[in-house]
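What follows is a short report on a single structure.
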Amino acid sequence: MILMHKTTVDCFRADALIIGCFMVAVLWGPGRASSQDAIYQLKSNGRAVKVSGKLTDVTPEGAKIDGKQIPAAEIKRLFFAKEPNELNRAREQMDTGQFSDAIEELAKIDAGRVSQPIKSEIDFIRAFSNSQMSLNGGSVVPQVAGKLVGEFISEHGDSLQLYPAIEQYGKLLFAIGRPELAAVEFQKLAQCSWPEYQLKGQFQLGKMLLETDKLTDAESAFDSILAVNSNDDLTQTYKQLAICEKARLAGMQGNVAEGLQAINELIARENSDNKILFAHLYNALGALYEKSGQLKEARTAYLHTELLFATESEPHAEALFRLANIWLQLDETDRASLARDTLKTRYRNSYWAGKL
């Protein structure tokens, strides 16, 4: 774990400098036939429409194509004229979770022969894919992934992909046990103009502030989500998550009964198909029961996350950590060992595995 830092980027670079950089110098495949740039623009029905022309003014807030400004929230994908075939394949592999394949595909491109916008895309796909491999399965250590993401942020601060990169950077900082530094990154997201990342930033900021016992600031972050004047599905999910975490916060402040009431109302009212919400709900329920000394009830709550919502990696890792401690207190040492082993195997690079 990195203990000293000057900047958040340096925090990762300190350990990552020993890892050699590499470049695969092979000839790239032929460029695509199209001589035009393109934006795949998301419409209200969820479909993406291709808009062709000349791309200009690409920034974290959006891009222009033939003079038409398209906000970042509506851009599913950029496409550059005469980009190498391998780049688009790598994008598709990244989008479908084939992260190691995406990295292998990028290695076929001679980065010295591409334009700066294409180089930015290459660097983002490589950084994002390494981050995901680190956070989900642990095949890349977070110091290496963090170095790549940090360098992308430093070198491509005007990229359309800046905010997704900052989100990954914050998660990697949390993974190495630095929630106070992660909070700095999530604060940047909370102040951006991209609604999705505003919500993500406020929520993750609140979680980091909870973890560092800054309860009043955490409550303000969750209140900011509740104050958003929108009723789309994404906003509604984050509002429900904010209510959930405020209930947990109430318990930490001594109002366990109030927190339990809010959590149970959400469980009764909402659809359990919303897995991310219910994983957080049952973790919050477990935390409230723990706070009141009801260990068996806490165990049952965390088991809901462990058994029913294990696809949600972050709350699942927390549930395994909490269960390992509760099983020990209940003298169930075999089950405690199983929870610990699962956490260390499945989420070896996570914050929660680091706390064991």
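Each value in this text was obtained by applying a stated rule to the coordinates, not by laboratory testing. Please read these numbers as outputs of a predicted model, since none were measured by experiment. Every residue, glycine as well, gets a Cβ built from its backbone with ideal geometry; the counts of neighbours run over all protein chains shown.
Once you've got the Cα coordinates, tell me which of Lys207/Lys246; Lys207/Lys296; Lys76/Lys207; Lys43/Lys275; Lys200/Lys296 are over 22 Å apart. With Cα atoms farther than 22 Å apart: Lys207/Lys296; Lys76/Lys207; Lys43/Lys275; Lys200/Lys296. Ordering of 337-345, 82-90 by packing is 82-90, 337-345, highest average first (other Cβ atoms within 10 Å, averaged per residue).
Can I get the semi-axes of region 230-354's equivalent ellipsoid? Compute them from the C-alpha gyration tensor as square roots of 5 times the eigenvalues, in angstrom, largest first. Over the Cα atoms of region 230-354, the semi-axes work out to 24, 18, 11 Å. Count Lys and Arg as plus one, Asp and Glu as minus one, and take only other residues whose Cβ is under 14 Å from that of Ala336; the net charge is then 0. FRET efficiency for the Gln236 to Asp110 pair, using the beta carbon distance and R₀ = 51 Å, is estimated at 0.65.
Adding -39500 (n - 2.57) for every DSSP H run of four residues or longer, then dividing by how many residues the chain holds, sets the calculated 222 nm ellipticity at -19500 deg cm²/dmol. The Cβ shell under 13 Å around Ala257 holds other residues with a net charge of -1, Lys and Arg each +1, Asp and Glu each -1. In straight-distance terms, cross-link reach from Lys108 covers every one of the lysines whose alpha-carbon lies under 17 Å from its own, apart from those fewer than eight places away in the same chain; here that gives Lys82, Lys119. Within the shell of other residues whose beta carbon sits under 15 angstrom from the beta carbon of Lys214, the net charge comes to -3, with Lys and Arg scored +1 and Asp and Glu -1. Counting only residues at least eight positions apart within a chain, or on another chain, the lysines with an alpha carbon under 19 Å from that of Lys344 are Lys171, Lys355. Remark: spin-label model distance Arg335-Ile70 equals 5.2 nm, labels positioned 7 Å along the Cα→Cβ axis. At an R0 of 25 angstrom, the distance between the Cβ atoms of Asn255 and Ala227 translates into a FRET efficiency of 0.70.
Between the beta carbons of Ser272 and Asp101, assuming R0 = 41 Å, the FRET efficiency works out to 0.80 to the nearest 0.05. Figure legend: label point modelled 7 angstrom from the Cα of Ser313 along Cα→Cβ; residues of region 120-152 with amide N under 12 Å from it are 128-142.
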